[in-house]
Ligand SMILES: C[S@@+](CC[C@H](N)C(=O)[O-])C[C@H]1O[C@@H](n2cnc3c(N)ncnc32)[C@H](O)[C@@H]1O
């Protein structure tokens, strides 16, 4: 599973406003007021908007999931610190630099900014697989050598270059490897044949370390090659290299790591506008749409063939467009969930997805003209099912309100008011249960709704499915409940109190 979000960058020009349902009087002051650059609390507002969302998104992410967040210099530093707090420093994957404006934005006084960022964190990096990109024909030119099986490869140094290269940092990766100078074969054992001792040392003579453990060297010794290299002041200096094949043993093209700077021309923000224009005939319909290329490039580094991608700042629906298009390209079946809080959710966000699926008659791109295929459902949020608000209404909740609440919270399945039969205390049937509710929205009558043996029997004889009965309290013992195949669930304490 994966999340991509593109929240307001807090540039001061986006007209975003803090609009969460909060109780704090200070924060209520913020409600509905557009956050501009002069606003001294703009960073506080932005962080108050983002932090609970990031916490919730983390909860929603699977253990091996990854989150990508588009952002620019206005909030990148705050976002990174918040992400360190919410996701943990150890789960930081990368801060990709995206060349989104090759002409350079003139918005800054001194610098023509060409780039923005894609912050990437894993929920748990040790459980995450970043598969990287398939190697292309362009990459093939780097694989100039051919082995005895006619497979193309290149040689990469076995010594660690860059980050944590010192012996003291990984002492167990510092050990000698011996080379046979006649053919370059290597061994971990010194002998008359394997007589050239190689240690991972930098040209400066400092002690470094290998990238492979002794165990890995032993198991992959056939992939290692010793070579004499030139070193200033040394006439007989040997180093060890590993063969990096273009294709893996099973003939599949191996992947390459994603690079940290993304500079393809398709990442130009103008592309996002053009794509929108192609669909709606007008790019002004939505400000700041992302190019689908960006999202596709991000998703490609993960193995997501059947997975769900969530975007809770959906805007013009670019994420759905990108996923549908990627599925069309590679035949996979990624799914998406998009969330949009603004009024345009139906007319722009969902409408773009409908058009992309069905086809856009005037589009220049042929596949878009024909439609990329796929399907989705559009829902609008109903009233929140929250007990507090149900109980703080005028008097007690109606039978149906409470039925809706208990059915959904107990089963996680959709409540269907048509299936309900109030007279028979029947609320609905879920995968595992038939659900019943004994309740009256009138305090005097409520006292008469406790689950008694008589009431338990009134719902009929036990069938195959267990019965789940909600009531303010019960006056029958466990043996009877077992016999009647009933699980009892007490109604919330506030209702129980009133029923006493
Ligand atoms: C730049 S748009 C996302 C654009 C999208 N990636 C696209 O390509 O069309 C920013 C998103 O932030 C959402 N947003 C703005 N203010 C918000 C707020 N106060 N709370 C939650 N979301 C907000 C907007 O509704 C919009 O979906």
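The values are calculated or read from the model by the stated rules, or taken from the named source; none is laboratory data. Note that the structure is predicted; figures quoted are calculated from it, not measured. Methodologically, a virtual Cβ is constructed for each residue, glycine included, from the backbone with ideal geometry; neighbour enumeration extends over all protein chains shown.
Where residues in segment 466-500 are part of a loop (DSSP other than H, G, I, E, B) and out of contact with any strand residue (DSSP E or B) (no Cβ under 8 Å at 6 or more places or on another chain), which of them is farthest from residue 429 (Cα to Cα)?
Checking each candidate, the answer is 500.
Which of the following residues is out of contact with any strand residue (DSSP E or B) (no Cβ under 8 Å at 6 or more places or on another chain), over 24 Å from residue 317 (Cβ atoms) and either free of Cβ contacts under 8 Å to residues at least 24 places away in the same chain or not assigned by TED's automatic domain parsing to the domain that holds residue 266 (or both): 84, 90, 44?
Only one candidate passes the filter, namely 44.
Would you mind telling me which numbered condition in (1) surrounded by 13 or more Cβ atoms within 10 Å (Cβ to Cβ); (2) closer than 24 Å to residue 316 by Cα; (3) within 16 Å of the ligand (Cβ to nearest atom) residue 58 fails?
All conditions are met except number (3).
Return the residues of segment 305-317 that are crowded, with 21+ Cβ neighbours inside 10 Å and either within 15 Å of residue 2 (Cα to Cα) or away from the ligand (no atom under 15 Å from the Cβ) (or both); say none if nothing qualifies.
309, 310, 311, 314
Enumerate the pairs (first residue in segment 344-356 and farther than 16 Å from residue 284 by Cβ; second residue anywhere and away from the ligand (no atom under 13 Å from the Cβ) and assigned to a helix (DSSP H, G or I)) with beta-carbon separation below 6 Å, excluding pairs fewer than 6 apart on the same chain, so at least 6 apart or on different chains.
356/324
Give segment 137-153 a look and list any residue that's over 19 Å from residue 179 (Cβ atoms) and under 37 Å from the mean Cα position of the chain (by Cα), or say none.
137, 138, 139, 140, 141, 142, 143, 151, 152
For segment 275-297, does any single residue satisfy the condition of being in the same structural domain as residue 97 (by TED's automatic domain parsing) and more than 16 Å from the ligand (Cβ to nearest atom)?
Scanning segment 275-297 turns up at least one residue that is in the same structural domain as residue 97 (by TED's automatic domain parsing) and more than 16 Å from the ligand (Cβ to nearest atom).
Which of (1) away from the ligand (no atom under 11 Å from the Cβ); (2) modelled with pLDDT of 95 or more; (3) more than 23 Å from residue 361 (Cβ to Cβ); (4) more than 21 Å from the chain's Cα centre (by Cα) does residue 250 not meet, given it meets every other one?
Unmet for residue 250, out of (1) away from the ligand (no atom under 11 Å from the Cβ); (2) modelled with pLDDT of 95 or more; (3) more than 23 Å from residue 361 (Cβ to Cβ); (4) more than 21 Å from the chain's Cα centre (by Cα): (2).
In segment 136-237, which strands (runs of 3 or more DSSP E) lie fully inside it and hold 1 or more residues that are modelled with pLDDT under 95 and surrounded by fewer than 11 Cβ atoms within 10 Å (Cβ to Cβ)?
Qualifying strands (runs of 3 or more DSSP E): 224-231.
Considering each residue of segment 1-26, count those that are more than 6 Å from the ligand (Cβ to nearest atom) and modelled with pLDDT of 95 or more, and give that number.
6
Go through (1) out of contact with any helix residue (DSSP H, G or I) (no Cβ under 8 Å at 6 or more places or on another chain); (2) closer than 30 Å to residue 74 by Cβ; (3) in contact (Cβ under 8 Å) with a residue 12 or more places away in the chain for residue 112 and report which single condition fails.
(3)
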